[in-house]
1. How many angstrom lie between the C-alpha centres of region 236-283 and region 100-129?
2. Which whole-angstrom value gives the distance between the alpha carbon centres of region 488-528 and region 49-89?
3. Would you mind calculating the gained length between Leu402 and Trp56 on full extension (0.36 nm times residue separation, minus the Cα-Cα distance), in nm to one decimal?
4. Given 10 °C and 1.306 mPa s, how large is the Stokes-Einstein diffusion coefficient of the chain in µm²/s, with Rh as the Kirkwood radius over Cα pairs?
5. Could you pull out every residue, at least 5 positions away or on a different chain, whose amide H is within less than 5 Å of the one on Trp89? Hs are placed 1.01 Å off N in the peptide plane, and Pro or chain starts have none.
6. Could you run the Karplus curve 6.51 cos²θ - 1.76 cosθ + 1.60 with θ = phi - 60° over region 523-539 and give me ³J(HN,Hα) per residue in whole Hz, x for Gly and Pro?
7. Going by average Cβ density within 10 Å per residue, which order do the peptides 373-383, 161-171, 420-430, 318-328 take, highest to lowest?
8. What Kirkwood Rh does region 164-311 have if only Cα atoms enter the pairwise 1/r average? Answer in Å.
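Just so it is clear, none of the values below were taken in a lab; they were calculated from the coordinates. Quantities reported herein were computed from a predicted structural model and do not represent experimental measurements. All Cβ positions, glycine included, derive from the backbone under ideal geometry; neighbour counts span all protein chains shown.
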Amino acid sequence: MFCMPWIIRQLIFVLIIGLNNIYYLVIFVPFLASILLLLSGNYFFWKSANLLLFSWQLSLLTFFFTLALTFDFFILKNGKTVEISILNWIDYGCLNIKLAGLFDTLTIVMLLVITVVSLLVQYYSKTYMKYDPHIIRFIAFLFLFTFFMILLVTSNNFIQLFTGWEGVGICSYLLINFWYTRIQANKAAIKAILVNRVGDTALAVGIFLVFVNFQTLDFYILSTLTADIKESSLVNINTIAFFFFLGAMGKSAQIGLHTWLPDAMEGPTPVSALLHAATMVTAGVFLLIRCSFLFQEATYILPIITIIGSLTTFLAASIAIVQNDIKKVIAYSTCSQLGYMFMACGLQSFNGAIFHLYNHAFFKALLFLTAGSIIHALDNEQDLRKMGGLINLLPFSYCMMLIGSLALMGFPFLSGYYSKEFILEISLSHYTIPSHFAFCLGTLSSGCTAFYSMRSLILIFFGNVNSYKKIIMSVHDTPLGMLSPMIVLAFLSLFTGFFSKDFFIGLGTPFWSNSISIYPVQYYNMVNAEFLPFYYKIIPLWFSFTGTTLAFLLFNFLLKNNKIYQFNSYYTFFNKKWFFDLLYNDLIIQRTLSIGYNVTYKLIDRGILETIYITGFSKNYLNLSTLFKQMQAGHPYHYLILGVIGGFYAIVYLVFFFNIKINGGILFLLIYLYHQ
């Protein structure tokens, strides 16, 4: 996968250009690569294969820049915040916005996640999208998405963050709708961008309120101001936090605004691995963590975040247990894990949220890429019911799926175990009603997660073969170009949790410095969580084991004996996604369309406006012309009547508008002249 001489050349290149310039290159190399690919296409090089190799080298170069930046930040600068200024962007009155880069510990962690997953997904895509005629456009969109995501996480103010926020939304639309000739892809992309508009509008309102109340949009200035906030301003703080939370709900697919995420699986599988596992959907969580200084003061909003996150966790996990599309199962799993991150933010454990985000990115990307490998092997078949018995035909894919599923379930000593168990223990140590509610739903969700993970493994790799003979005869395991990224992600899924837990969530760790607001009470809760009774700590593991056992029994015995009919009503409810789509269609979409037709179009447009301004003018002019035509009939008495009426109106006009006093002699004279 890696070419050592090329790596050595890149290291020499990094030393030549200087470590201080790396901060600029990390941001703009993906953007320049995207522009180059979009403008050149297949014409700049003799073969598109050369262009793909060049794009892979640029992606690898971005990753090396990130590693060099990490070395410079933690070793040479000893973890001190670095801020680079690129240009003055907006300078109007007290609003001074610079296009700049803010590099602290939180930014470095997010950059590592983004560049690693982007690098592996692009290498994977070279083989997965090999026969697609528009692969150059696909890689260009991936680079553009990577640029906007890096712009988002390196922003030092809300305007730059909002620019990256909208940029990743546009790129998600382009990538979901990459196969634009498919109607389902069109509908999914439109749904994604429209649902996200709700959250984006809320975020824009929140940014406006921040500027109105603090006259600045810089993160570090705001963190200083909110640290000494007056009690009278807490209402404004809670209002701002509420709108930011709504914005994060839309981007991170929380309950109510979650419906776009499963439908977004219509895009190519590498898109799902990059956008909907490691980067875009975590932007909402990143917003909450970046604004931790604000949410720490929003005491009324934190319980709401906890409850919404726990409800999302259980909702998505319960829906995933009955989904039949392999990618949608993983999509609902992503939605459920994002709920855990929101739970942690609501419990003021922002370091726990970023720890779970960091671990989740790798094992979820592994699951998506493994799903892509299985789909690729089965000639684009995604229905779990049409698989089965593939363990001997796809042994490598089975190993990768097993590792990813165990990490997702929170199997002891894998990456997902450390972060998910930490969040559940923190929720139990808070001793509040919302936190215990979150613990109950989070524990139930652990059982559901184990159930649908085991169900997927059984339906894909065990049991009877349900595919067509033609497909089975042509089944092949993962090609080398797709195998290498999966091995790297499997390694990360196994060991990142263990090696990074003391840095991320260690008691008193200085790792986060001032990038995350951590109050002393949080350390108290961490101590309580550490010394919880052992039987409380193993409750989530017990639920995971129960879910695994139930899935094994259900899909090996009850289904064979046709006893599944007893669960038909529950199956229908969960398979219909708790009827959220039905409610939205009936209560919002249909009524909006009805109002649009009956009121906006039929009554106002075709009714009032057309009657008054379009057909009304023509009809009135036609009636007036008919009246004047009848008056010009040639009869003297018609003209006499018109003269009398005109004279009368002339006298009235002179009297009332010009205040002319008319005596009897003048009136007699006028009448005489008129008769003459």
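1. The two parts, judged by their Cα centres, are 18 Å apart.
2. Spelled out, the Cα-based centre of one part sits 24 Å from the other.
3. Contour length minus Cα-Cα distance gives 121.7 nm.
4. Rounded, D is 56 µm²/s.
5. Ile97, Lys98, Leu99
6. These are the phi-based 3J(HN,Hα) values: 5, 5, 5, 5, 5, 4, 5, 5, 9, 5, x, 4, 5, 6, 5, 8, 4 Hz.
7. 420-430, 318-328, 161-171, 373-383
8. Evaluated over region 164-311, this radius sits at 16.1 Å.
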